[in-house]
Structure formats: structure tokens, C-alpha cells
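Data first, discussion second: the structure below is written as C-alpha cells.
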Amino acid sequence: STLAEFIKAKSGTTMTAHASAFGVSRPYLYSLCDGTRSPSFKVAKRIEAASDGAVPVQSWPKFAEIMGAA
């Protein structure tokens, strides 16, 4: 699933709590969800781990770009 889908499915959890779990700021999390920014490989891996694999690194639209930066 995508990050936005994961967050939507966890409707009882605040964006602040998600941001804290992923180790990012809330504004950055919003920009990841709306697609205006792409995470670094390190952040994508943290999101993958914090979501128990529900949001894998491969789910990001610019996966090849992320992998190239790793």
C-alpha cells in the first residue's frame, strides 16, 4: 500500500503520532502523502519498518531514484 492509504486505514492515529513513529516532521509527512516530496532511502526504510512492511520501499513512485541515492 501507499503511505497515504496506510495512514487512512489507521484513522484513529494522528498525523503527529505517525510522523513521530516514522521519525519525520508532520509537514514533511504531509508532503510525502500528497506526493510533493519523495523520501530518502533511509526514511523510506524507517517508514517500511514502522508500518510493519505495509508501506514497502518499493511502493514509492520514484523507487529507482530512491535506490540510486542509497
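Rolling a 1.4 Å probe across the protein heavy atoms gives the chain an accessible surface of 60 Å² per residue. The phi-based Karplus calculation (6.51 cos²θ - 1.76 cosθ + 1.60; θ = phi - 60°) puts the 3J(HN,Hα) values of the range 4-19 at 4, 5, 4, 5, 4, 5, 9, 4, x, 9, 6, 5, 5, 5, 4, 4 Hz, whole numbers, x for Gly and Pro.
Ligands, DNA and RNA left out, the accessible area of the chain computed with a 1.4 Å probe is 55% carbon and sulfur. For the chain, the fraction of C-alpha pairs more than 20 angstrom apart is 16%. Here the label points at M15 and S38, each 7 Å from Cα along the C-beta direction, are separated by 2.3 nm in the simple model.
The values are calculated or read from the model by the stated rules, or taken from the named source; none is laboratory data. As the structure is a computational prediction, the values presented were derived from the model and not from experiment. When we count neighbours, we look across all protein chains shown, and the Cβ atoms used for this are built from the backbone with ideal geometry, even at glycine. Protein only, heavy atoms only, side chains kept; ligands, DNA and RNA dropped before computing areas. Shrake-Rupley method; radii C 1.70, N 1.55, O 1.52, S 1.80 Å.
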